[in-house]
1. Say we look at the range B:1-11 and pick out the residues that are buried (at least 17 other Cβ atoms within 10 Å of the Cβ) and more than 10 Å from chain A (Cβ to nearest Cβ); which of these is nearest to B:ARG95 (Cα to Cα)?
2. Look through A:ASP856, A:ASP828, A:ASP772 and report the one residue that is farther than 30 Å from A:ARG881 by Cβ, without any contact (Cβ under 8 Å) to a residue 12 or more places away in the chain and out of contact with any helix residue (DSSP H, G or I) (no Cβ under 6 Å at 6 or more places or on another chain).
3. Which residues, taken from the range B:56-71, are part of a loop (DSSP other than H, G, I, E, B), of a type in the set (Gly, Ala, Ser) and within 12 Å of chain A (Cβ to nearest Cβ)?
4. Identify the single condition in (1) open to solvent by 40 Å² or more (accessible area, probe 1.4 Å); (2) in contact with a strand residue (DSSP E or B) (Cβ under 8 Å, 6 or more places away or on another chain); (3) outside any loop (DSSP other than H, G, I, E, B) that A:GLY507 does not satisfy, given that it satisfies every other one.
5. Taking the range B:72-102, which residues are more than 8 Å from chain A (Cβ to nearest Cβ) and assigned to a strand (DSSP E or B)?
6. Can you tell which of A:PHE775, A:PHE739, A:PHE783 is in contact with a Cys (Cβ under 6 Å, 6 or more places away or on another chain) and not hydroxyl-bearing (Ser, Thr, Tyr)?
7. Name the strands (runs of 3 or more DSSP E) wholly inside the range A:395-470 in which the number of residues that are over 35 Å from the mean Cα position of the chain (by Cα) and on the phi > 0 side of the Ramachandran plot is 1 or more.
Amino acid sequence: MTRLKSGGALIDRDTSVTFTFDGKPFRGMKGDTLASALLANGVRLVNRSYKYHRPRGVVTSGPEEPNALVNLGSGDRHEPNIRMTQIELFDGLEATSQNRYPSLKSDVGVLNAAASRLYPAGFYYKTFIHPRVAWKHLFEPVIRRIAGLGRAPTEADPDTYEHQYAFCDTLIAGGGPAGLLAARRAGEAGERVMLVEQTERWGGRLLTDDDAEIDGKPARDWIAGQVAALEAMENVTLRLRTCCSAAFDHGYALLYERRADHMTPTGPRHRLWRVRAGQIVGATGMIERPIPFYGNDFPGVMLASAVRDYVRLWGVAPGQRTVLYTTNDDGYRTALALHEAGCHVAAILDARADPVGILVEQAREAGLTVMSATGIGKVSGNRDGVREIQTVPLDRGDDVELGKRIECDCVAMAGGWSPVVHLYSHSGGKVVWDADRAMYRPDPENPPRDRHGEPYVRLVGGAGGALTTGDVLASVGGATPSVVAAAEQPARPVWFTPSQGKAALGGKHFLDYQNDVTVADIRLAAREGFESVEHAKRYTTLGMATDQGKLSNINGHAILAETLGKAMADVGTTTFRPPYTPISMGVIAGQEKGLLFKPVRQTALHDWHAEQGAEFEPVGDWRRPYRYQRDSEGREASITREIKRVREKVGLLDASTLGKIIVRGPDAGKFLDLMYTNMMSTLKPGKCRYGLMCNDNGFLMDDGVVARLDEQTFLCHTTSGGSDRVHAWMEEWLQTEWFDMRVLTANVTEQWSQFAVAGPNARALLERLEGDVDFAALPFMGFAEGTVAGMPVRVFRISFSGELSYELAVPTSYALSLWEALLDVGGDLGVGPYGTEALHVLRAEKGFIVIGDETDGTVTPHDVGMSWAVSKKKDDFIGKRAMERSDLTRQGRKQLVGLLTEDPGYVLPDGAHALSKDGERAIGHVTSTYHSPTIGRSIAMALIEGGMDRMGETVQIGIDRKTSVKAVIASPVFYDKDGARQNV
Amino acid sequence: MLLIQCPVCGVEAEETEFAPGGEAHILRPEPGCSDAEWSAYLFERKNPRAVHYERWRHAFGCGKWFHMARHTHTLEIFGVYAADAPEPPQEIRDRIAERTAP
């Protein structure tokens, strides 16, 4: 056990918590993280690395953790890749280690490390090329098993997640000293303030590094005072366990709240806050850098700041004998904390030639050994962790001999501090390299700007580059509290510590723990020409893991700069992209799952259809009955039954989904002449005309019947999926191009329900209903208004089946009454419903096109044989000029034809390609294909190059790689070519 | 996500409430135009890394089209104006000149 006898600001020693790791039970204390509890239990090996399966331990104490990822929970609550350093311990927590087989201690994947010469940077680009077939069957499956992170969950997540919206004047990310002070200032100024902190505690690093005195009080008392003052302000909202994941344009920010991860969930587990803020203040602090030296990845090698966090916050000694390797004064705080807690500090290695600061002197006075201009040359150890280090003198080039051996079980690395500039970078701000402080800090000349062009993201405290408590508080602005703290001497950055003579790299100096990227990998990338920082990143995968290079990027860029002989500022940095830390898939979905994933549109008869055994199909956002199941008949049988009903008796179709747009005004006719390819202004009131609509590229986009209700009013029918689009299209032209026209439009699709009554008995059926509409007198393509069965109806004599057919529209509240009335009076006439599949076969038998089947956005009216619907008289309409362009007038365009297979029983696959004579080239494709019960054979429509001149020609239709079938090109009108059946 | 004010109904709302309509002030040529003119109208767009005059529709609000002057890099919005304006109003051009002066 390595729990210290005393200390630990966050733990409650009286409350014990039980949990399991890899099935083994452990005890921790309330306030522990999973990482601190495992360290307290002496568990140091927690993971195997991604590529080499090297044993790895906890490196950090926060969200930047690259190694200590676990699977959390089990069954339907299993979640992979969670950082132990952020998991607050609770009773019953279950965690398992990742990327090992069969167990952490004996992992067969470790063989990878022995063969690591075979896996240099970019190895997968080089090694797995040949033979091609091996990738799919050999390389990929093997790599998937041995590389990678946790296992994806397989069961549906039972927890709930939600999105919330919030607005504020100032959003402050980070609850350390700078964030607290910034919130206090903004709150006192009367602003609406949100202050969020990703951990469960306020105070940031001051909780650990409490050697400063602020406004005459110990640091911790000052924090408590700030929090109490903020809690008393009504205009300030404080939220813990909430990370500002992203800052976007114009003050839009996403906050990720882990609301219930530390307990058994009640209510939503995570929340995604979508915040619009006037100003965003990033008080996101800094992250300490590791130092690349040989063997810097053994369990027990940790960031110096994390070592003292474990001592001070959780009362855990990460080691009994620690060696500190530091580049700055701040690192000495770790040695002092360990010493104070009674843990042995074996040596302090300082990269600087002459360390003299106050903290350095305190260490010397405490009797600790300080070795200057010295680094760690090599770490030795095993899977349980560090055993000893060997020193190396610095400043003698790479050609050096290793020095003294020092026995130890923990190595603390203080490689300097990097500001967390992510929020600045997310929203378009630039960062600059500050050579004096060896850090990227926000460039005040290039801040993110809001819609008024004013800066709206400001980084304060450590995030802005402040290194001491005094500077941190001063950076907030306003009256600065007085701070008494030890002055610190300049740091000396160390990007690489050699381990052997003559520049040999010898062993692995890790930069990116999570992706196993070493100094040698970056040097290799530079030698191979990947000189841009973006290229080197992608070639080596530096910074591409779930930690997004929080520890590794700066060191990696420095190594690249050094290898290329360039200045750090000239190499540049990669772009920080949101989210700051991974967020759960559940919170991205929020409430929008299941029925709420995408709302569905239903007609007024939906429940009736369902009761009658309808099988629904999606059409746009609608659900339409595809067919109605009767008794135990098969799919084909029900479709055939419905087709025969329409051809022989009378069928009812719920056509309510068709778009209905009212176009009204003195210029309505003139406007529709521009919208449709054919003439609409000449249509007489009481008449209908089928119209085609193109875009200005000359391609078909919609079709439908237009009825002229009166002199100034037209009703335009659109396709089921097209009503919103066509209405918006009309409005676009009216508002932006022909705004002088006196025309109004209204989309009344859902106000009216509409039914097709189709078949030889249609008229007889309708005449049985009482009313004032003279169905016999209504001519084909005629329109009438009147009363039928006591309901106000619009009647259109139009046909999409080729049969005698009327479409009746009623205000939607009458829909079910009219539908049932039609069924009630027509039992002996054979009336019954038919679905969309019967509809499609009926129209295909007649050669009628469907937008989206016969058209695909590259098809003109001429291509589908509808030149008759393209007016030659009009000066202009949308699509007219485009149809004169050379490609649209050339010979050999694909044209709509019918196909009759040689074997009448064979139904072609939809989309099958027609082949050229030599079989080398596709000359067209099948657009609609069915078995036609009416003519007793298969029928298909297809778009074939120069098809209209190929009537009677036999073409090969490719079915798969080996098979093709023969079909004869024919007219697409397969049934009742003269239209005799609808003109009765 | 941009924050946009609709000049027609006055509502200030999230970008997701609006639909973009591409570059503004593109004249639709007369039917007798050359192929090159028609092609330019259909396909040629400026796509600048600078001030962009563009069309937007308040799709999930009042439904009206309008024009907006926006910097495609800084995302600064210099103003919104009527859909039937043949060119940006002087007031917006002045603001752009003032805001983009070197």
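The values are calculated or read from the model by the stated rules, or taken from the named source; none is laboratory data. Just so it is clear, the structure is predicted and the values come from calculations on it, not from any experiment. Using ideal geometry, Cβ is built from the backbone for each residue, glycine included, and neighbour counts are taken over all protein chains shown. The accessibility values were calculated without ligands, DNA or RNA, using every heavy atom of the protein model including side chains. Shrake-Rupley method; radii C 1.70, N 1.55, O 1.52, S 1.80 Å.
1. B:PRO7
2. Matching residue, one of A:ASP856, A:ASP828, A:ASP772: A:ASP828.
3. Answer for the range B:56-71, where residues must be part of a loop (DSSP other than H, G, I, E, B), of a type in the set (Gly, Ala, Ser) and within 12 Å of chain A (Cβ to nearest Cβ): B:ALA59, B:GLY63.
4. (3)
5. B:PHE78, B:GLY79, B:VAL80, B:TYR81, B:ALA82
6. Unique residue meeting the criteria: A:PHE783.
7. So the answer is none; nothing clears 1.
Condition check ((1) more than 9 Å from chain A (Cβ to nearest Cβ); (2) assigned to a strand (DSSP E or B)) across all residues:
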| site | (1), (2) |
| --- | --- |
| B:ALA13 | yes, yes |
| B:THR16 | yes, no |
| B:HIS25 | yes, no |
| B:ARG28 | no, no |
| B:SER39 | no, no |
| B:LEU42 | no, no |
| B:ARG45 | yes, no |
| B:GLU54 | yes, yes |
